[in-house]
Structure formats: structure tokens, C-alpha cells
Amino acid sequence: MFIWDTQVLPVVDPLCSIRAYFYHSTIAWIHHSLILQAIERYCKIRRLKLLQTRTRQLCFILLQWLFDFTFVLPVFLTGNMKKLTIDNFCFVSLNTIPLVFYLAGISFLLSDIILSVIYKLLVRYVREVSLRVNGNYRLKMQRDLTMVHRIVLINVQLVVVGFPVLIFIILTAIRTDLLPNNTARILIMIMNSPLSVMLLILFWITPSLRRCLIDNWNQLKQLLGINKNRVQPLFSNHRY
């Protein structure tokens, strides 16, 4: 994951557990931020004032960050984040399977459950009130519901890609000699690769974002075209 993790050190690296701690906290932060986005859309559709002001939104974001960087602390403080024996890689110790499932459950399973509940509640609410509201508000609710649906799909995609890592952890818990060396690093790279692909998916499934980028690109081309088409003087006005 980092260049320091590729070095075979004769002594224990004191920063290894810190890097593993920030890695697990960041993964949880990414998934739980999707929950905040879904809650914001839920409050917007239901016309709740929970996240109406910027101050409340900032407070919820800070609480989410505090939670994501706190629930990993028990694993970090008990010394269960170290370099793997089968790979020169800083990660949670695979010898303590309950701690592995503890981190995976809060980072992945919790986000899946909450997002699924929010989406089902929104679908039920939109179906109930769609016949009692005007056309403009109905379209607005449909757009917000579509956004929540996309958030759920993105989170599911990230979780599905993480299944190879779960299989690797189970195999390692059974026998450490079943997999070759440096397998963990490759699987972690596979699990993190969708984070960059996710930007392309958002660009493709979000028409407003795509339209905004296209408009900016057209304005940039027009600006460059104006600069190129300027009339140049036939004679230089510089005096020597």
C-alpha cells in the first residue's frame, strides 16, 4: 500500500500499525459518507429540517468522521494491526477473525443495511404521496429518489469488489500456505480500484454533471478560439 511496506525491516516498523489504522478508517469513511448523502436526500424528499442548515450538515459530517476514526481504535490499541506474515503489508491481523469481521461489518455491512432501509422507505413514501402532489414536486422527488438509488448501487459495487479479499481472509485463516506471497497486496489493489472507476460511473449516470462538464469544455474551446482568431497587426508598433 505504501513504499515503506515493501521494505523488509529487521525490526518492527512502529508506523505500520498507524498506516493500517488510517487505511481502515478511510475505507469506513468512504462508505459512511454515502449514508450521509442518502440521509440528506431522504430529509429533502420528506421535507425534514434535520439537515436544512449548513451548521447541522457540518455537525453530522464531523460526527461521522469522529465515529469512523474511533471505532477502529480498539483494534489499533490492542496491537492487532501489524504486517502480515504472508505478505509485506500492513493490515489488521488475520489471526483474529472476530476483529476482521468487526471492521468489515461496520464498514460494509452497516452501510448496506442503512442504505437499503433508506431506499425502501423513500420508495414507499414516493408511491404514497405521488398522487397527492403536483407534477413539479413529483418530478423533484423522482430525481432525488434516483440519486439515492445510484448511491445504493455505488455502495453495492464497492462491497462486491471486496468479496475476493474476504475469501482471501477465510483461506488465510484456514491455512497460510494455500496462497502465494504478495497475494494480499494484489487483492487490496483490486478492492481499491473501483474508487477511481466510480468517478467515471458518476459521470455517466449523472446527466447534470455530464452536462456541466460539457458546457465548461465548450466555453473553454470558445475562449481558446477567440484568442486564436484575434487580428494580428501587420506591422509591429514597437519602437527601438
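The values are calculated or read from the model by the stated rules, or taken from the named source; none is laboratory data. All figures in this text were calculated on a predicted structure; none of them were measured in a lab. For neighbour counting, all protein chains shown are included, and Cβ atoms are generated from backbone atoms with ideal geometry for every residue, glycine included.
Annotations
- Test: Asp112 is of a type in the set (Asp, Glu) and farther than 28 Å from Arg143 by Cβ: no
- In the stretch 15-25, residue surrounded by the most Cβ atoms within 10 Å (Cβ to Cβ) [restricted to those that are touching a residue at least 40 places away in the same chain (Cβ under 8 Å) and closer than 24 Å to Val156 by Cα]: Ala20
- When Asn182 is tested against (1) under 30 Å from Leu94 (Cα atoms); (2) modelled with pLDDT of 70 or more, only condition (2) is not met.
- Only one of the listed residues (Val100, Val123, Val129) is of a type in the set (Val, Ile, Thr), touching a helix residue (DSSP H, G or I) at 6+ places or on another chain (Cβ under 8 Å), under 24 Å from Ile154 (Cα atoms) and without any contact (Cβ under 8 Å) to a residue 60 or more places away in the chain. That residue is Val123.
- Condition check for Val159 on (1) loosely packed, with under 15 Cβ neighbours inside 10 Å; (2) modelled with pLDDT under 75: one failure, at (1).
- Taking residues in the stretch 30-57 that are touching a residue at least 12 places away in the same chain (Cβ under 8 Å), and partners anywhere that are outside any helix (DSSP H, G or I), the pairs with Cβ atoms closer than 6 Å and at least 6 places apart or on different chains are Glu40/Leu51; Gln57/Leu51.
- Selection of first residues in the stretch 59-81 that are on the phi > 0 side of the Ramachandran plot and of second residues that are loosely packed, with under 11 Cβ neighbours inside 10 Å and assigned to a loop (DSSP other than H, G, I, E, B), restricted to Cβ pairs under 7 Å at least 6 apart or on distinct chains, gives an empty result.
- Phe91 meets each of the listed conditions (1) touching a Leu at 6+ places or on another chain (Cβ under 6 Å); (2) over 17 Å from Val152 (Cα atoms); (3) free of Cβ contacts under 8 Å to residues at least 24 places away in the same chain apart from (3).
- Exactly one residue among Arg56, Arg19 is over 30 Å from Arg143 (Cβ atoms), modelled with pLDDT of 85 or more and basic (Lys, Arg), and that residue is Arg19.
- Checked against (1) more than 19 Å from Leu158 (Cα to Cα); (2) under 22 Å from the mean Cα position of the chain (by Cα), Leu50 passes all but condition (2).
- Residue in the stretch 31-48 that is loosely packed, with under 12 Cβ neighbours inside 10 Å, of a type in the set (Lys, Arg) and either at pLDDT 85 or above or assigned to a helix (DSSP H, G or I) (or both) present: no
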